[in-house]
Amino acid sequence: MKIDKETLLKLFTTMLKIRLFEERIVDLYARGLVPGLVHLYIGEEAIASGVCAGLRDDDYITSTHRGHGHVMAKGADLKLMMAELFGKKTGYCKGKGGSMHIADMELGILGANGIAGGGLPIAVGSGLSAKLRGTDQVTACFFGDDASNNGTFHESLNLASLYKLPVIFVCENNLYGISVGQEKQRLLQDIALRAANYDMPGVVVDGNDVLEVYNATIKAVKRGRAGEGPSLIECKTYRWRGHHEGDPNQGRRYRTTEEIESWKKKDPIERMAANLITDKVVTKKKLDALKKQAMEEIEEAVTYANESEFPALEEMYEDVYVQGDERR
Amino acid sequence: MRELTYAQAINEALRQCMKEDERVILLGEDIGVYGGVFQVTAGLLNEFGPERVIDTPIAEAGFTGASVGAALTGMRPVVEIMFIDFTTVCMDMIINQMAKMHYMFGGRGKVPMVLRINIGAGRGTAAQHSQSFHALFMHIPGLYVAVPSTPYDAKGLMIEAIKNDNPVVFVEHKKLYVEKGDVPEESYTIPFGQAEIKREGRDLTIVATHAMVLRSLNAAEEAAKEGIDVEIVDPRTLVPLDRATILESVKKTGRLLVADEGHKTCGVAAEISAMVAEEAIYYLKAPVARVCSPDTPVPFSPPLEQAYIPDVKDLVPAIKRLMEYA
């Protein structure tokens with residue numbers, strides 16, 4: 001499929017922005033400005049960028065513990081994100097959620113999720129809701145390879161297929177469930193094969209090729225909007241960093257340096273940059289300008305987060321329950 | 001006034017809410033054609049069709065989680081989990097997702113859904129279909145927990161649960177489904193956090209839930225024969241808990257017995273006893289007593305099960321013991 005220049009640039013810019021954001025977090029985390037757990041998306045940027053470029057603003061996504069890329073690609077505000085990662089009251093969740101719980105209902109972001117496999121049934125629900133409300137909104141549901149071994153994966157694919165729901169199940173297969181390699185998780189290495197059990201299309205794509213991801217998404221979105229049911233897209237990829245920041249030696253307890261380096265050669269961003277220049281879509285100068293612009297935006301977010309206040313202690317007790325409702 | 005059973009009262013609440021608001025949908029196992037194993041959803045499939053009364057596969061995590069997603073995106077699902085025992089297979093969706101989203105997201109998004117479950121032993125269904133571990137949901141911030149004991153309360157609390165913007169665990173009692181009582185035909189709500197005095201008395205307060213309310217009323221009649229005047233407070237919701245009404249009653253009578261069908265250890269009765277100990281210990285003339293299920297799984301054999309269920313046989317001696325303190 002021919003992809004127009006504007007879309008190509010959008011795909012590239014989204015990936016680049018995610019990469020730069022995550023690289024900035026490496027530094028901020030090391031300096032103790034980002035507390036708790038962060039799971040970085042470096043190396044996997046093509047998936048969120050390719051999928052979300054195929055969605056409309058009013059479509060939904062469910063995300064994972066490794067969710068920064070997903071929410072950025074769906075349009076999340078970098079300032080609010082960064083402030084949330086810092087635990088500040090100006091953050092997306094008023095500092096009460098952190099890295100794993102960023103949500104924005106106006107952007108269709110139904111929440112990152114700290115539970116592996118936790119987002120799949122929720123995506124079925126937003127799919128069901130869209131169908132019952134008679135809209136043609138679709139839901140893209142991101143999950144990892146090892147979540148496919150959880151019961152929620154099977155329950156969700158079955159329900160989505162049974163009720164012909166507009167859900168796109170996007171498996172980010174980065175080959176490891178924390179430290180456990182996929183050959184120790186399951187016998188069949190292609191998760192897409194499981195789609196056949198639920199009578200839905202299942203495809204394997206190069207998760208480091210944003211155009212492949214985008215094209216597969218466009219097909220699945222079309223199917224979803226037409227009321228033909230769900231799809232499964234398995235994106236083969238790799239995380240460059242450890243499972244979380246602080247995973248010793250970036251996960252070298254369970255991975256070899258050779259393996260990590262071999263995947264860095266498949267960098268989705270460098271690959272696309274080279275193609276864009278070769279195909280004369282953009283100049284090197286233009287790409288440098290894009291990078292500079294993205295870095296400035298991230299720095300503004302860091303400044304905003306730094307200058308924001310922590311929540312007041314009494315805010316701990318707020319938002320446990322919705323106060324009032326439609327009646328009062 | 002017209003009488004309905006507890007099951008019919010909940011059915012009527014569901015029907016009225018579904019008529020009024022098309023966002024209200026039902027999901028669960030055998031709730032459509034079969035009408036639910038306790039017939040609570042009988043007739044609703046015919047009236048509202050399969051899009052709104054969804055007979056799901058046996059996939060509790062799947063359809064409970066789907067209800068969370070549907071609630072987040074504008075629907076008001078009412079989910080039936082056939083027995084409280086089966087919530088264990090979807091506890092992540094209840095505790096980590098449904099209960100916490102509003103808080104974790106800093107107030108962004110809401111999950112207006114009702115999770116219908118039932119408790120209670122006495123049907124010979126042993127340890128995986130008879131449990132009463134509803135106290136567990138009381139332990140999780142973000143959930144409201146309703147515990148109706150009469151058809152009137154069941155209808156009013158259900159309509160409130162559906163209209164409420166928070167996730168509500170609606171705990172029914174399977175021995176109460178056939179109990180009859182007066183129920184108005186019109187739609188009405190009972191606000192959460194309002195206990196009701198089911199019997200007024202001077203000498204001793206029983207805080208009772210669910211079937212323990214009926215059992216306590218019977219025990220109170222027994223005690224009355226010996227001149228003991230028992231007051232019975234039904235909290236009606238465990239979260240929020242109407243502490244004020246409980247404390248007021250205890251301050252008046254000076255004696256507290258808590259009757260709940262859950263296990264004694266870490267149960268509803270333990271929580272209410274602790275609350276009274278913190279707030280009103282100097283008003284007590286006697287130690288606090290708890291009448292609960294024993295700390296064993298529910299046994300199958302009928303004589304064992306009958307002995308297991310907390311009832312008048314346990315309540316009357318407990319009342320008399322408390323009255324020995326002057």
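Charged side chains reduced to their Cβ positions (Lys and Arg at +1, Asp and Glu at -1) give region B:196-323 a dipole of some 300 debye around its Cα centre. Rounded if a/c is under 1.5, else prolate if a/b is larger than b/c, else oblate: which is region B:82-136, with a ≥ b ≥ c the root eigenvalues of its Cα gyration tensor? Since a/c reaches 1.5 and a/b is larger than b/c, the shape of region B:82-136 is classed as prolate.
What does the C-alpha gyration tensor say about the overall shape of region A:66-193? Classify as rounded when a/c is under 1.5, otherwise prolate if a/b is larger than b/c, or oblate. Display every interim value, and only then the final one.
On the way: a/c = 2.50, a/b = 1.22, b/c = 2.04.
Oblate shape, in that a/c is at least 1.5 and b/c is the bigger or equal ratio.
For region B:36-77, the list of GluC sites (Glu not before Pro) that fall in a loop by DSSP and count at most 15 other C-beta atoms within 10 angstrom reads B:GLU51. Look at the alpha carbon pairs under 8 Å that are at least 6 residues apart: their mean separation over the length of region A:5-316 gives a relative contact order of 23 percent. In this rough spin-label picture, where each label sits 7 Å from Cα along the Cβ direction, the A:GLU183-B:GLU185 distance is 7.3 nm. Local charge for B:GLY262 was computed over the other residues whose Cβ lies under 11 Å away, with Lys and Arg +1 and Asp and Glu -1, and equals -2.
For region B:196-323, what value does the Rg/Rh ratio take when both radii are computed over Cα atoms and Rh is the Kirkwood radius, given to two decimals? Don't skip to the answer; put the middle values down first.
Numbers: Rg = 13.8 Å, Rh = 14.4 Å.
Expressed as Rg/Rh, it is 0.95.
With an 8 Å cut-off on Cα pairs and a minimum separation of 6 or more residues, tell me the relative contact order of region B:196-323 in percent.
Across region B:196-323, relative contact order equals 29 percent.
Comparing A:THR278, A:PRO268, A:VAL320 along the charge dipole axis of chain A, the residue lying farthest to the positive side is A:THR278, per the Cβ-charge model.
Against the empirical curve 2.2 N^0.38 Å, the C-alpha radius of gyration of the protein assembly as shown lands at a ratio of 1.08.
The alpha-carbon atoms of region B:43-97, seen along their principal axes, cover 33, 26, 15 angstrom, with the largest extent given first. Region A:121-162 and region A:46-102 have their alpha-carbon centroids 19 Å apart.
Using helices alone, I'd like the mean residue ellipticity at 222 nm for chain A: each DSSP H run of four-plus residues gives -39500 (n - 2.57), total over residue count, nearest 500.
Numbers: 10 runs with 136 residues, N = 328.
The helix-only estimate for chain A comes to -13500 deg cm²/dmol at 222 nm.
A simple rule links phi to the HN-Hα coupling: the Karplus curve 6.51 cos²θ - 1.76 cosθ + 1.60 with θ = phi - 60°, which for region A:185-200 gives 8, 6, 7, 8, 7, 8, 5, 4, 4, 5, 4, 4, 4, 10, 6, 10 Hz, with x for Gly and Pro.
Which FRET efficiency value, to the nearest 0.05, do you get for A:ASP136 and A:ASP4 by plugging their Cβ-Cβ distance into 1/(1 + (r/R0)^6) with R0 = 30 Å? If you can, show how the numbers build up before the last one.
Values: r = 23 Å, r/R0 = 0.75.
Between A:ASP136 and A:ASP4 the formula returns 0.85.
Toward the positive end of the charge dipole of region B:88-198, with +1 on the Cβ of Lys and Arg and -1 on the Cβ of Asp and Glu, the farthest Cα among B:TYR188, B:MET158, B:LEU115 is that of B:LEU115.
Taking a quarter of the surface of the convex hull around the Cα atoms of region B:3-182, what do you get in nm²? Display every interim value, and only then the final one.
Details: hull surface 37.2 nm².
Averaging across all directions leaves 9.3 nm² for the Cα convex hull.
In whole percents, the pair-distance distribution calculated for chain B from its alpha-carbon pairs, binned every 20 Å from zero, is 33, 57, 10, 0.
Extending 7 Å from the Cα toward the beta-carbon at both A:MET316 and A:ALA289 defines two label points whose distance is 5.1 nm.
Place a +1 charge on the Cβ of each Lys and Arg in chain B and a -1 charge on the Cβ of each Asp and Glu, then give the dipole magnitude about the Cα centre in debye, rounded to the nearest 20.
Values: 32 positive and 43 negative charges, 100 e Å.
Here the size comes out at about 480 debye.
Annotation note: GluC sites (Glu not before Pro) in region B:255-326 located in DSSP loop regions with a Cβ neighbour count of at most 12 within 10 Å are B:GLU324.
Taking all Cα pairs closer than 8 Å and separated by 6 or more residues, the relative contact order of region B:26-128 comes to 27 percent. Distance from the Cα centroid of region A:284-328 to that of region B:1-73 is 40 Å (rounded to whole angstrom). Over 23 Å between Cα atoms: which of A:LYS17/A:LYS264; A:LYS266/A:LYS291; A:LYS96/B:LYS163 fall into that group? Result: A:LYS96/B:LYS163 exceed 23 Å.
Ordering B:106-113, A:255-262 by mean Cβ neighbour count within 10 Å, with the highest value first, yields B:106-113, A:255-262.
Using just the C-alpha positions of region A:222-328 as equal point scatterers, what log10 of I(q)/I(0) does the Debye formula give at each q in 0.11 1/Å? Cα-only, vacuum Debye calculation for region A:222-328: -0.86. When only the Cβ of Lys, Arg, Asp and Glu is charged (+1, +1, -1, -1), the dipole of region A:1-142 relative to its Cα centre reaches about 280 debye. Peptide B:125-134 shows a mean partner chain C-beta count of 0 within 10 Å per residue C-beta.
Can you give me the C-alpha center-to-center distance between region B:154-221 and region B:297-326, rounded to a whole angstrom? Result: 22 Å between the Cα centres.
Residue by residue along B:95-104, Cβ atoms of other protein chains within 10 Å of the local Cβ number 6 on average.
Ratio of Rg to Rh for region A:209-283: 1.12 [Cα atoms; Kirkwood radius as inverse mean 1/r over pairs].
Over chain A, what per residue volume does the convex hull of the Cα atoms give, in whole Å³?
Spread over its residues, the Cα hull of chain A gives 143 Å³ apiece.
Cross-link reach is defined here as a Cα-Cα straight distance under 16 Å, omitting same-chain residues fewer than 8 places apart; for A:LYS164 the lysines meeting it are A:LYS131, A:LYS219, A:LYS222.
What pairs in A:LYS5/A:LYS236; A:LYS10/B:LYS100; B:LYS175/B:LYS198; B:LYS100/B:LYS180 have C-alpha atoms more than 30 Å from each other? Cα-Cα > 30 Å for A:LYS10/B:LYS100; B:LYS100/B:LYS180; rest within. The aspartates and glutamates within cross-link reach of A:LYS94, meaning a Cα-to-Cα straight distance under 19 Å and a gap of 8 or more places when in the same chain, are A:ASP77, A:GLU84, A:ASP104, A:GLU106, A:GLU300, A:GLU307, A:GLU309, A:GLU314, A:GLU315, A:GLU318, A:ASP319. When region A:5-316 is described by a simple charge dipole with +1 on each Lys and Arg Cβ and -1 on each Asp and Glu Cβ, the residue from A:GLY151, A:GLY114, A:THR257 located farthest towards its positive end is A:THR257.
The Cβ shell under 11 Å around B:GLU12 holds other residues with a net charge of +2, Lys and Arg each +1, Asp and Glu each -1.
Where a number appears in this text, it was derived from the coordinates with a stated rule and is not lab data. Quick caveat: nothing in here was measured; it's all calculated off a predicted structure. Cβ atoms come from the backbone with ideal geometry, glycine included; neighbour counts cover every protein chain shown.
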